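Asker: Pasting a structure below so you can have a look.
Taken together, the values in this text are just the output of simple stated rules run on the coordinates, not laboratory data. Since the model is a prediction, treat every value here as computed from it, not as a measurement. So basically every Cβ, Gly included, is an ideal-geometry build from the backbone, and we count neighbours across all protein chains shown.
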Amino acid sequence: MSGTTNNRFTVVFAGLIAVAAAPVVRAQADTLIDPPSIASVSGRLVVTLTAAPASVIIGGQVIATNVYNGLYAPPTLHVRRSDSLELTLQNGVGSGQSTNLHYHGWAVTPQAQGDDVFVHVPVNTSYYYQFQLPWNHSEGMYWYHPHPHGFSESQVLGGMSGALIVDGLLEDNYPELVGIREHVMLLKDIQLPGDSADAPKTKTINGQLNPVITIQPGELQFWRIGNVGADSYVNLSLGGLPFYVIAIDGNVTACIPLNRWGPQVCPVLVTQYLLPPSSRVEIIVSGPGPGAYAINSLAVDTGPDGDPNPQVQLATLVSGGSSMLAAPRMVAARRRLVVPHTTRATNVRPTPAALKYAAITRRDTLVYTEDTLTNQFFINGKQFDPNRNDTYAHVGDVIEFTIINQTRELHTFHIHQTDYLVTEINGQPANSVSLQDNVNLPYVVGAQPGVVKVIVPFYEPVTVGKFVYHCHILEHEDGGMMGTMVLLPAAARRPAAKAAGATRSRH
């Protein structure tokens, strides 16, 4: 079987069910339970999230932690393009910490009552979020989580994170697959009572340890998978079974040309996929022959100064029952996707091909460093200051960032309100098949730092305002590895430097 790789996945060019995986034997376990769902009605999603202590059961242990609405796997919030979100966040966090809510990956306003991470909601108070999604917003999986600087890691590590879905991905891109069984899978890490600080964190799916996922041979299923934990990496493997990647970080994947003049592969077929903290992937799985197959997070080398991330079993895929004929539906979907879709042209995000050849407005460099003795983290020699404006852009700008990791551990680069195209990793073409909002940064090897180049479009007027970019390993973000971005209207003049003052609090 031939293949090619990039930093996120191993691509294979083979039939989906032509690659066999060895069945595994497992003890009786619970069936995977999807989070509950709340969907918009008549163009409005009205919901209340209460952050407060609750007792949850993980791996047979009763754990007291702060979660949303009493659930370690809180409601999945479903919206459609042009819908308005009306969300009341009630802060009852038991530690007395302030909190807020970030709508990770959404191209919405960063200003007041929108995705404003500079708001800090004091304990025993509430905050009302109200904003509208663009009519052409990209469809797929996103997620919500707290983003109060200094408390982000502890709150997300405790379980405060859930899924956001902009519906329509299959309908607008894979209508042949509409109606197949769907799962939402929240991958979280947690430090269980009794675990040492240096021990690997425990990984769960929807709060469950090694649950069973059932499938029939030949059945197609749609899995929305998000690494919505605080610090850990997930290198997803279905026991060697190949699976189709149809969206990355809420962006539908483009076709891969087999060569310069030859046919294209649509969508991307892989055997494993790397999910750094905060990344999402949406996949199509075909049921293998009868048996049980291990779904693993393979080991990830996070660097000499990184946290341990060994291989663990996340779940077990159990295939059984009568066989289903999946091939005709998948073949039809693949054939049709070779032709670009009109829906892609209207997405808020540009296609990878369009962005690759866009005119670059300017080029900037971001350098990641850290002090391992004090556990402080820096971008361009500075720690996060909400009162400082680090980077400016105007609507219509396209900026190429060169991100240099000068540390001996992995980091990531995430930016709010927009996505980007990864073009180079350590001097090699990235061959990206979609835009993304989070990328892995290789660590220093010898004297060579890890270097990643990305092209970031600032096309959307709705995202005018102040937001942030940062490492999404939340220990590093809380430790200072975050900067501010100010997006100005196209014709606006850049303001003069402002003296430090009080940051925004509750509006």
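Asker: When Lys and Arg each count +1 and Asp and Glu each count -1, what net charge do the other residues less than 9 Å away from Glu400, Cβ to Cβ, add up to?
Answerer: After counting each charged neighbour, the total is +2.
Asker: Now for a separate question. Tell me the volume per residue, in Å³, of the convex hull enclosing the alpha carbons of the range 393-439.
Answerer: 100 Å³
Asker: How much net charge surrounds Met185 when only the other residues with a Cβ under 12 Å from the Cβ of Met185 are counted, with Lys and Arg +1 and Asp and Glu -1?
Answerer: Net charge around Met185: +1.
Asker: Assuming a viscosity of 1.002 mPa s and a temperature of 20 °C, what translational diffusion coefficient in µm² per second does Stokes-Einstein assign to the range 131-254, Rh being the Kirkwood radius over Cα pairs?
Answerer: It diffuses with D of about 129 µm²/s by this estimate.
Asker: Please give the length that would be gained between Leu71 and Val123 if that part of the chain were fully extended, namely 0.36 nm times their separation in residues minus their C-alpha to C-alpha distance (nm, one decimal).
Answerer: Result for the pair: 16.8 nm of gain on full extension.
Asker: So, by mean Cβ neighbours within 10 angstrom, what's the order for 459-465, 373-379, 419-425 with the highest one leading?
Answerer: Going from most to least packed, we get 419-425, 459-465, 373-379.
Asker: Report the local net charge at Ile38: Lys and Arg +1, Asp and Glu -1, summed over other residues whose C-beta lies under 15 Å from its C-beta.
Answerer: Net charge around Ile38: -2.
Asker: How much length, in nm to one decimal, is gained on full extension between Asn380 and Thr31, taken as 0.36 nm per residue of separation minus their Cα-Cα distance?
Answerer: My answer for the length gained is 120.9 nm.
Asker: Identify all lysines with a Cα-Cα distance to Lys203 below 19 Å; exclude those on the same chain that are fewer than 8 residues away in sequence.
Answerer: Once the sequence-local lysines are set aside, what remains near Lys203 is Lys188.
Asker: Among the lysines, which have Cα under 27 Å from the Cα of Lys382 when same-chain residues fewer than 8 positions away are ignored?
Answerer: Lys453, Lys466, Lys498
Asker: Run through the DSSP bridge list for the chain and note the antiparallel percent, rounded to the nearest 5.
Answerer: 75 percent
Asker: On to the next question. At 7 Å along Cα-to-Cβ for each site, give me the label-to-label distance between Asp305 and Glu182 in nm.
Answerer: Label at Asp305, label at Glu182, 4.3 nm between them.
Asker: Averaged over every viewing direction, what's the projected area of the C-alpha convex hull for the range 115-176? Give it in nm², one decimal, please.
Answerer: Quarter of the Cα hull surface area: 5.9 nm².
Asker: Which order do Ile295, Ile404, Ile33 fall in if you start with the one that has the fewest other Cβ atoms within 10 Å?
Answerer: The fewest-first ordering by Cβ neighbours comes to Ile33, Ile404, Ile295.
Asker: Shifting gears a bit: Take the Cα radius of gyration of the range 37-167 and divide it by 2.2 N^0.38 Å, with N its residue count; two decimals is plenty.
Answerer: Cα Rg divided by the expected 2.2 N^0.38 Å: 1.02.
Asker: Further question on the same structure: Take the Cα atoms of the chain, find their three principal axes, and give me the spread along each one in whole Å, biggest first.
Answerer: 68, 57, 57
Asker: R0 = 22 Å: FRET efficiency of Lys356 with Asn136, Cβ-based, nearest 0.05?
Answerer: For Lys356 and Asn136, the calculated efficiency is 0.60.
Asker: Quick one: Kirkwood hydrodynamic radius for the range 352-488, alpha-carbon pairs, angstrom, one decimal?
Answerer: Taking every pair of different Cα atoms in the range 352-488, averaging 1/r and inverting gives 15.1 Å.
Asker: How do the peptides 274-286, 360-372 rank, highest first, by the average count of neighbouring beta carbon atoms within 10 Å per residue?
Answerer: Answer by packing, highest mean first, reads 274-286, 360-372.
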